[in-house]
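The values are calculated or read from the model by the stated rules, or taken from the named source; none is laboratory data. The structure presented is a predicted model; accordingly, all values stated were derived computationally and were not measured. Cβ atoms come from the backbone with ideal geometry, glycine included; neighbour counts cover every protein chain shown.
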Amino acid sequence: MKTPCNIYSFGINYDWSFDDDVATAYGCHVHSYDPSMTRVSDHDRRSNIHFHKTGLNSTDSTNNKGWRMRTFSSILKENNHTQAIIDLLKIDIEASEWFAFPEMLQSGSLKNVKQFCFEIHIKMPLNPEPDIDKYLRGLELLRDFYNAGFRIFHTNKNMIPAYKSMFGMERTGCHEIYMVRSDTRTFG
């Protein structure tokens, strides 16, 4: 990445290591989002790290926990980034991606994103083992990202939410997926 650059980071949970590191290493402007951090409000952590107490969702609303939720397209508008290049988009929002991703694809708000890194949560702790439909929806999302011009360059099983399946195998409920836009010639 070259300065100037823009990074969006969703799902901080008081761990600023990613945001601090990319801001320092590349000099990028980082917009960090997490509505669940009760001890902080909107602020500039540093001159190039901007925290927003807002969550990512399929609609602009306030959820049942009182959290401010916005679509990615609305967030880009709020930051005057609808035409800006987003060099990296990182999302770890604890299964809310199932709501946010379809809207991001439908609205076209990913069109200027170069790299897209996210966790997809197939099974959350205390939830039953997912059925085949959940896996098929995940594959459909990956296909839709592929059709939007993204290609997977790395995946990783996150074994923290591991569980024993009904077939006796140890499985993970979360996968980390790293994608890059296949053709960036249209970017500045």
**Prompt:** Checking A25 against (1) without any contact (Cβ under 8 Å) to a residue 40 or more places away in the chain; (2) under 27 Å from D183 (Cα atoms); (3) within 13 Å of the chain's Cα centre (by Cα), which test does it fail?
**Reply:** (3)
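Going by the conditions given, is K123 touching a residue at least 40 places away in the same chain (Cβ under 8 Å), assigned to a strand (DSSP E or B), among the basic types (K, R) and surrounded by 11 or more Cβ atoms within 10 Å (Cβ to Cβ)?
Details: touching a residue at least 40 places away in the same chain (Cβ under 8 Å): yes; assigned to a strand (DSSP E or B): no; among the basic types (K, R): yes; surrounded by 11 or more Cβ atoms within 10 Å (Cβ to Cβ): yes.
Judged against the criteria, K123 is not a match.
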**Request:** Select from segment 73-88 the residues that are touching a residue at least 24 places away in the same chain (Cβ under 8 Å) and assigned to a helix (DSSP H, G or I) and write down the one among them that is surrounded by the fewest Cβ atoms within 10 Å (Cβ to Cβ).
**Result:** S73
**Asked** What are the residues in segment 135-188 that are touching a residue at least 12 places away in the same chain (Cβ under 8 Å) and among the acidic types (D, E), if any?
**Response** D144, E176, D183
**Request:** Mind counting the residues in segment 76-104 that are within 13 Å of the chain's Cα centre (by Cα) and not charged (D, E, K, R)?
**Result:** 13
**Tally of residues being part of a loop (DSSP other than H, G, I, E, B) and either in contact with a helix residue (DSSP H, G or I) (Cβ under 7 Å, 6 or more places away or on another chain) or more than 21 Å from H29 (Cα to Cα) (or both) across segment 94-120** = 6
**Prompt:** Among (1) touching a strand residue (DSSP E or B) at 6+ places or on another chain (Cβ under 6 Å); (2) of a type in the set (F, W, Y); (3) surrounded by fewer than 18 Cβ atoms within 10 Å (Cβ to Cβ), which single condition is F118 missing?
**Reply:** (3)
**Asked** Here are some conditions: (1) outside any loop (DSSP other than H, G, I, E, B); (2) within 16 Å of the chain's Cα centre (by Cα); (3) hydrophobic (A, V, I, L, M, F, W, C); (4) modelled with pLDDT under 95. L136 meets all but one. Which one does it not meet?
**Response** (2)
**Message:** Within segment 89-98, does at least one residue satisfy the condition of being surrounded by 17 or more Cβ atoms within 10 Å (Cβ to Cβ), closer than 25 Å to D34 by Cα and of a type in the set (F, W, Y)?
**Reply:** no
**Asked** How about segment 11-65: which of its residues are touching a helix residue (DSSP H, G or I) at 6+ places or on another chain (Cβ under 7 Å), of a type outside the set (V, I, T), over 22 Å from S96 (Cα atoms) and assigned to a strand (DSSP E or B)?
**Response** R46
**Asked** On the given criteria, is G149 small (G, A, S) and surrounded by fewer than 16 Cβ atoms within 10 Å (Cβ to Cβ)?
**Response** no
**Request:** Inspect all residues belonging to segment 42-51 and state whether any of them is within 13 Å of D87 (Cα to Cα) and buried (at least 18 other Cβ atoms within 10 Å of the Cβ).
**Result:** no
**Prompt:** So is I49 more than 21 Å from R181 (Cα to Cα) and among the hydrophobic types (A, V, I, L, M, F, W, C) or not?
**Reply:** yes
**Request:** Take the residues in segment 163-188 that are in contact with a Cys (Cβ under 9 Å, 6 or more places away or on another chain) and not charged (D, E, K, R), then tell me which one is surrounded by the most Cβ atoms within 10 Å (Cβ to Cβ).
**Result:** M179
